[in-house]
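A.B. asks: Below are the structure tokens for one structure; questions will follow.
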Amino acid sequence: MIKINEHYTEIGNNYLFAEIARRVREYKERNSDKKVISLGIGDITQAIVPEVIEAVHKATEEMSRAETVRGYAPDGGYDFLVNAIVKRDFLDRGIALEAGEIFVSDGAKSDTGNIGDILGHENQVAITDPAYPVYVDTNKMVGRSIELLPCTPENDFIPDFPKKTADVIYLCYPNNPTGTVLTKLQLKKWVDYALEHQSLILFDAAYEAFISQPDIPHSIFEIPGAKKVAIEFRSFSKTAGFTGMRAGYTIVPKELTAKTSKGETISLNAMWKRRQSTKFNGTAYIVQRGAAAIFTPEGQKQIRQVIDYYMGNARIIKNGLEALGLTTYGGVNAPYIWAKTPDNLTSWEFFDLLLNKVQVVGTPGSGFGSAGEGFFRFTAFGNKENTLEAVERIKTLFA
Ligand code: PLP
């Protein structure tokens with residue numbers, strides 16, 4: 001008889017965005033004449049930049065000839081990409097990493113979800129609330145004990161240390177969904193906590209490219225001692241429009257160790273390498289060539305233009321909502337604006353109001369955790385015309 005992983009019965013069926021999609025679909029079925037604008041799911045709307053497309057075309061050509069065709073990629077990624085990452089994303093920022101500490105992947109969702117493979121189920125886990133749902137769900141899938149760390153206006157969205165000592169801590173900065181950040185000093189406190197308690201920080205830096213202010217760390221490895229306690233996840237999805245192309249990478253420092261139950265010291269880098277080489281067969285050569293093109297001077301210039309475009313949308317949304325008297329957070333170092341709902345509406349009440357009255361879709365904050373109740377997430381990933389129109393439509397609600 002099949003024995004299932006019973007923990008799956010505890011996480012429910014509905015992924016947040018599936019529920020949003022269902023409500024929007026039903027609305028459209030009833031109102032086929034209405035144009036719905038989505039500032040909801042964090043997906044790109046702008047074309048992938050020419051430098052990347054050119055590299056992809058060239059790589060595709062190589063695949064058409066026996067002399068240059070590529071098969072399985074090397075574990076951890078091709079040198080041309082890994083070396084570009086080591087130099088441009090880290091060395092140029094004063095962080096020295098070895099190529100063997102970088103693991104190219106098909107994106108940060110898989111890696112933030114899969115990292116739990118190398119961690120015992122008995123770990124006590126701390127996760128900020130609200131959060132990107134993958135952290136909570138993947139830990140629930142194996143029955144780990146989770147303490148949620150509320151991030152609200154009351155604590156300036158800076159999580160307090162857990163009441164129960166945490167073995168594993170998830171931090172995501174710039175944050176999805178709140179768009180808030182930690183300064184170096186604030187992040188250092190968490191690194192010091194982890195050093196003191198021998199905990200592991202899983203640092204999701206998927207949105208680092210959107211940071212605009214100084215003193216906001218782009219990488220946790222800017223903090224002294226972090227290589228002993230942290231794994232960092234990066235994604236090309238929002239940085240360079242790779243949500244459909246699929247590429248990211250994870251840094252597992254060689255200094256990072258844990259103890260086995262017998263008290264032996266074990267390298268998490270070696271464990272992750274073992275896990276990936278067993279369960280993952282690499283990111284497509286063509287995609288890795290595309291990703292490497294991001295790091296050329298022209299590639300950097302082109303992706304910066306797209307990021308600036310999205311951050312222009314963030315300003316339109318943030319300024320527009322604030323002019324209406326709504327309180328907003330984020331939107332300065334992140335492509336997300338976290339708005340307090342008006343009149344104490346619940347997140348889903350505000351969702352329904354926006355959809356039914358002005359045909360604007362956002363994401364209910366409560367979908368990211370109970371501390372997100374009463375908040376609403378708008379994304380800057382729309383096109384500018386739609387973003388402007390959405391804000392105009394929202395204004396009519398307050399007229
Ligand atoms: N981490 C965070 C915080 C995200 O918001 C997302 C995507 O929305 C991801 C990871 C996943 O990124 P990827 O497309 O690289 O899987």
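The values are calculated or read from the model by the stated rules, or taken from the named source; none is laboratory data. Keep in mind that this is a model prediction, so the values were computed, not measured. So basically every Cβ, Gly included, is an ideal-geometry build from the backbone, and we count neighbours across all protein chains shown. Side chains included, ligands, DNA and RNA excluded: accessible areas come from the protein's heavy atoms. Shrake-Rupley method; radii C 1.70, N 1.55, O 1.52, S 1.80 Å.
A.B. asks: Among the residues of the stretch 331-375, how many are more than 13 Å from residue 397 (Cβ to Cβ) and of a type in the set (Val, Ile, Thr)?
C.D. replies: Total meeting the criteria: 5.
A.B. asks: I would also like to ask the following. Any idea which residue in the stretch 177-190 is nearest to residue 331 (Cα to Cα), counting only those that are open to solvent by less than 10 Å² (accessible area, probe 1.4 Å) and out of contact with any Gly (no Cβ under 7 Å at 6 or more places or on another chain)?
C.D. replies: 182
A.B. asks: Residues that are under 26 Å from residue 131 (Cα atoms), more than 20 Å from the chain's Cα centre (by Cα) and open to solvent by 10 Å² or more (accessible area, probe 1.4 Å): does the stretch 365-378 have at least one?
C.D. replies: Looking for residues that are under 26 Å from residue 131 (Cα atoms), more than 20 Å from the chain's Cα centre (by Cα) and open to solvent by 10 Å² or more (accessible area, probe 1.4 Å), one finds at least one in the stretch 365-378, hence yes.
A.B. asks: For the stretch 218-236, check the following and say yes or no: at least one residue is open to solvent by 20 Å² or more (accessible area, probe 1.4 Å) and touching a Gly at 6+ places or on another chain (Cβ under 7 Å).
C.D. replies: no
A.B. asks: Looking only at residues in the stretch 1-51 that are in a helix (DSSP H, G or I) and among the acidic types (Asp, Glu), which one is farthest from residue 367 (Cα to Cα)?
C.D. replies: 51
A.B. asks: Would you pick out the residues in the stretch 211-252 that are away from the ligand (no atom under 16 Å from the Cβ) and not aliphatic (A, V, I, L, M)?
C.D. replies: Selection gives 212, 213, 214, 215, 221, 222, 224, 225, 227, 228.
A.B. asks: Among the numbered conditions (1) within 16 Å of the ligand (Cβ to nearest atom); (2) farther than 26 Å from residue 337 by Cα, tell me where residue 46 comes up short.
C.D. replies: (2)
A.B. asks: Can you name the number of the only condition in (1) within 16 Å of the ligand (Cβ to nearest atom); (2) assigned to a helix (DSSP H, G or I) that residue 104 fails?
C.D. replies: The single condition residue 104 does not satisfy is (2).
A.B. asks: Kindly provide the set of residues from the stretch 1-38 that are modelled with pLDDT of 90 or more and within 19 Å of residue 381 (Cα to Cα), ordered by number.
C.D. replies: 20, 21, 24, 35, 36, 37, 38
A.B. asks: Is the stretch 197-204 home to any residue that is charged (D, E, K, R), touching a residue at least 24 places away in the same chain (Cβ under 8 Å) and within 18 Å of residue 234 (Cβ to Cβ)?
C.D. replies: As a first pass, look at the stretch 197-204 and keep what is charged (D, E, K, R): 204.
Narrowing further to those that are touching a residue at least 24 places away in the same chain (Cβ under 8 Å): 204.
When the remaining residues are screened for being within 18 Å of residue 234 (Cβ to Cβ), the result is 204.
Yes: the stretch 197-204 contains one or more residues that are charged (D, E, K, R), touching a residue at least 24 places away in the same chain (Cβ under 8 Å) and within 18 Å of residue 234 (Cβ to Cβ).
A.B. asks: Tally time: how many residues in the stretch 17-60 are among the polar types (S, T, N, Q) and open to solvent by 70 Å² or more (accessible area, probe 1.4 Å)?
C.D. replies: Number of matching residues: 2.
A.B. asks: Just to check your reading of the model, which residue among 107, 71, 100 is at pLDDT 95 or above and open to solvent by 40 Å² or more (accessible area, probe 1.4 Å)?
C.D. replies: Going through 107, 71, 100 in turn, the sole match is 71.
A.B. asks: For the list (1) at pLDDT 95 or above; (2) under 18 Å from residue 347 (Cβ atoms), I need the number of the one condition that residue 144 fails.
C.D. replies: (2)
A.B. asks: For the stretch 91-139, which positions are touching a strand residue (DSSP E or B) at 6+ places or on another chain (Cβ under 7 Å) and closer than 16 Å to residue 8 by Cβ?
C.D. replies: Hits for the stretch 91-139 are 136, 139.
A.B. asks: Exactly one of (1) of a type in the set (Phe, Trp, Tyr); (2) open to solvent by 10 Å² or more (accessible area, probe 1.4 Å); (3) within 16 Å of the ligand (Cβ to nearest atom) is unmet by residue 193. Its number?
C.D. replies: Just one mismatch for residue 193, condition (3).
A.B. asks: Hey, another quick one. Within 16 Å of residue 336 (Cβ to Cβ) and away from the ligand (no atom under 14 Å from the Cβ), is that true of residue 157?
C.D. replies: On the way: within 16 Å of residue 336 (Cβ to Cβ): yes; away from the ligand (no atom under 14 Å from the Cβ): yes.
So residue 157 fits the description; yes.
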